[in-house]
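The values are calculated or read from the model by the stated rules, or taken from the named source; none is laboratory data. On a predicted model such as this, the values are computed, not experimentally measured, just so you know. Don't worry about glycine lacking a Cβ; one is built from the backbone with ideal geometry, like all the others, and counts go over all protein chains shown.
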């Protein structure tokens, strides 16, 4: 797999000039696109992110749950389920018809329990949402879900930029027990950050607020990594991520988040002792 | 990433801000509980007749429909107030075609000039009729935050309206020329209309109006009757502004959607019961770590039989409430 940002930049550099010059069918995403057009777009995105590596369709290794029609295009809850979790090394989320399709890439560390991930995204159009899992032997498998939404990336925040940035970098983490019999703990990480997409208009200056989004989140317990998330503008404002991990000892869970404008925030959360 | 942002900006020029189901934000329904209007309910929706809800106050009840090519997005309660000297339009309509229809209704009833057109908030079913009144050169009255809200969403709304109605009928964005910072007053001769610019509630630019002659309150979409309220501003803020409205002490009101005139206190109590339920159950869900997709399916169910269009809007309202309250 190519590095996240390099692949993204490549995808954009390849895609946008073509769109501007020809308004080609592949890139002119719309609600009325045919399956063939959607497939062509996915093939292009897939190649730009994963190169020539084969990506095999799967019904078992990964499932995507998302509302068929988004209630709020700027906050679409996504659940990724990976039943054969011991085989999973990482998962990528691609929203084909978003302006920046590569929404997130998660790499699991030794402390992860990678059976389920939940996050919230923006969806800008009627689109396939692809999830691609990487198994520990390096193979890639994909599945997709079609979501109807519009305008999630450009939807105004409903408040001033200053207000949206209030408390930026604050974090909370909630813990709850995992499934009965499992040794895992479920965690919900909340990060206060506007995740400006670059497509939202500042209501005072009437210009577009520059993109400012969480680029990387590293979650660990002590020295053991739980997961690393690479994010982009498709992640909803005030990102919330649900995951599970295998606690060991009493070391706190630490989170280091950084954005594309050199913001960096680090917080630690004590892990509750098991109640059983 | 610099090149990346540059591209976004360029890309972003061609895209317009969107908002969840904004065109759906103006549905209304029949069967209001308001006894005062019962005789007129039968003819008021599809027939587009106007009810005289007070002396010189004419209101059309918006029908129960989403914006369609057939209904011209004429789905909100719109109308006008006649003074000794001039006429004030309480809501402009949902499209140029709807605004033109309203202007025709006014001309049938009075020769007095149209001096004011109120743009109660940014939603298209309330402000896209404004273009129909430009020839009258009225004062367009709006909340101080309306201009920026129209900048952020107006073109997107227009694009959607053009898709549904066609370019000729859709209407275009018209900005307020009297931007109400806090309060304002307009004298039509023999009656004064007092405006109040509210804090973020239904939207971030809600303007209410009170008529001195009849005492009738025009809360616009701060008051939904029988149709489920749609939350596009702040849940906590709306409950707070409901108190502000209540303190105004009006006996009767013209809601933004629903019957053309209602007894104000019970109608407001229904609204705050729903919003309060939404707030309390969302807080409870957050306290028990319920994920948002489960919250959307479970919160507010006790209200399901009490509002029309509940299934269409409640989940979206829960989403709004959830993201507002999860950082409390």
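Could you list, in sequence order, all residues of the stretch B:150-181 that are in a loop (DSSP other than H, G, I, E, B), buried (at least 18 other Cβ atoms within 10 Å of the Cβ) and either more than 14 Å from chain A (Cβ to nearest Cβ) or on the phi > 0 side of the Ramachandran plot (or both)?
B:171, B:174, B:176
If you check B:199, B:190, which single one turns out to be outside any helix (DSSP H, G or I), surrounded by fewer than 18 Cβ atoms within 10 Å (Cβ to Cβ) and touching a helix residue (DSSP H, G or I) at 6+ places or on another chain (Cβ under 6 Å)?
B:199
Hey, among B:56, B:47, which residue is out of contact with any helix residue (DSSP H, G or I) (no Cβ under 6 Å at 6 or more places or on another chain), at pLDDT below 50 and over 29 Å from residue B:314 (Cβ atoms)?
Result: B:47 is the single residue among B:56, B:47 that is out of contact with any helix residue (DSSP H, G or I) (no Cβ under 6 Å at 6 or more places or on another chain), at pLDDT below 50 and over 29 Å from residue B:314 (Cβ atoms).
Does residue B:284 fit the bill of being under 20 Å from residue A:172 (Cβ atoms), more than 14 Å from every other protein chain (Cβ to nearest Cβ) and free of Cβ contacts under 8 Å to residues at least 60 places away in the same chain?
It is true that residue B:284 is under 20 Å from residue A:172 (Cβ atoms), more than 14 Å from every other protein chain (Cβ to nearest Cβ) and free of Cβ contacts under 8 Å to residues at least 60 places away in the same chain.
Please work out which one of (1) out of contact with any strand residue (DSSP E or B) (no Cβ under 6 Å at 6 or more places or on another chain); (2) surrounded by fewer than 20 Cβ atoms within 10 Å (Cβ to Cβ); (3) not in a strand (DSSP E or B) is the condition residue B:71 fails and give its number.
(2)
Of all residues in the stretch B:117-137, which are over 12 Å from the mean Cα position of the chain (by Cα) and crowded, with 22+ Cβ neighbours inside 10 Å?
Residues satisfying the conditions are B:117, B:129, B:130, B:132, B:133.
Which residues, counting only those in the stretch A:102-133, are farther than 20 Å from residue A:56 by Cβ and not in a strand (DSSP E or B)?
A:109, A:110, A:111, A:113, A:115, A:122, A:123, A:124, A:125, A:126
Report those strands (runs of 3 or more DSSP E) wholly inside the stretch A:165-243 carrying at least 2 residues which are more than 12 Å from chain B (Cβ to nearest Cβ) and out of contact with any strand residue (DSSP E or B) (no Cβ under 6 Å at 6 or more places or on another chain).
Output list reads A:224-231.
Of everything in the stretch A:58-82, what is within 15 Å of the chain's Cα centre (by Cα), within 12 Å of another protein chain (Cβ to nearest Cβ) and in a strand (DSSP E or B)? Give them in sequence order.
A:65, A:76, A:77, A:78, A:79
Answer yes if at least one residue in the stretch A:89-108 is under 24 Å from residue A:179 (Cα atoms), more than 15 Å from the chain's Cα centre (by Cα) and either more than 14 Å from chain B (Cβ to nearest Cβ) or surrounded by fewer than 24 Cβ atoms within 10 Å (Cβ to Cβ) (or both), and no otherwise.
Yes, the stretch A:89-108 has at least one match.
Considering only the stretch B:289-314, state which residues are in a loop (DSSP other than H, G, I, E, B), more than 9 Å from every other protein chain (Cβ to nearest Cβ) and closer than 14 Å to residue B:326 by Cα.
B:290
Could you identify the single residue in A:178, A:151, A:115, A:167 that is without any contact (Cβ under 8 Å) to a residue 60 or more places away in the chain and either in contact with a helix residue (DSSP H, G or I) (Cβ under 7 Å, 6 or more places away or on another chain) or farther than 15 Å from residue A:219 by Cα (or both)?
Result: A:167 is the single residue among A:178, A:151, A:115, A:167 that is without any contact (Cβ under 8 Å) to a residue 60 or more places away in the chain and either in contact with a helix residue (DSSP H, G or I) (Cβ under 7 Å, 6 or more places away or on another chain) or farther than 15 Å from residue A:219 by Cα (or both).
Out of (1) away from chain B (no Cβ under 13 Å); (2) not in a strand (DSSP E or B), the odd one out for residue A:150 is which?
Of everything listed in (1) away from chain B (no Cβ under 13 Å); (2) not in a strand (DSSP E or B), residue A:150 misses just condition (1).
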